[in-house]
Amino acid sequence: MPPLNGAAAPQSHAIYPGSFDPPTNGHLDVIARAAVIFPTVTVAVVVNPQKRSPHFTLDEREEMLRRCTSEFPNVRVDHFRGLLADYVKRIDANVIVKGLRVVSDFENEMAAAHMNRSLTNVDTMFLMSDSNYSFVSSSLIKEVFLQGGDISRYVPDVVLEYMHQKRSAHGRK
Ligand code: PNS
């Protein structure tokens with residue numbers, strides 16, 4: 001059995017990784033709750049999301065997150081390339097935080113949690129998404145917005161601004 005890491009809170013440095021393309025109110029809810037539990041939370045933006053080429057650049061995703069989390073003194077925003085496990089070791093974090101929205105999230109997240117623990121001996125702790133956001137995902141937000149739907153309830157104001165700017169930059173109102 002690998003050695004145990006010791007108590008989580010109060011010394012823990014938590015990493016909340018993701019694509020954040022763009023950040024949603026669901027992400028912000030997880031960040032706010034993690035910031036109460038852990039003394040330090042690093043929100044870590046993956047440079048190249050595996051599933052797709054990102055809608056927003058890395059700089060834009062980081063900037064949106066910084067602006068949305070400026071009220072939390074113990075939250076910092078960073079980015080990483082490659083394996084999450086390597087980044088966790090590099091910044092000496094001792095817990096990974098993820099949000100779980102629905103049961104179908106669980107299967108992939110369970111495999112990732114086992115793999116990351118096997119690679120780093122760092123545990124993943126799951127926060128159940130607020131039920132108001134259990135159906136909110138970055139990909140749905142983009143789809144609804146690009147088809148003219150109202151997403152203002154699901155993203156922070158800063159993100160809505162960025163969505164409008166990006167659409168105008170692409171020549172659409
Ligand atoms: O917001 P997302 O896209 O659901 O976040 C997924 C993320 C970034 C957490 C995941 O893809 C990830 O950890 N990527 C880094 C590459 C890696 O470590 N892959 C193995 C995971 S066990």
Number of Lys-Lys pairs in the chain under 30 Å by Cα, sequence gap 8 or more or different chains? 10
How high is the relative contact order of the chain, in percent, with contacts defined as C-alpha pairs under 8 Å that are six or more residues apart? 27
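Which value does Rg/Rh take for segment 56-173 over its C-alpha atoms, Rh per Kirkwood? Don't skip to the answer; put the middle values down first.
Working: Rg = 16.6 Å, Rh = 16.6 Å.
Ratio value, two decimals: 1.00.
No value in this document is a laboratory result; all are computed from the given coordinates. Here the structure is a predicted model, which is why all the values come from computation and not from measurement.
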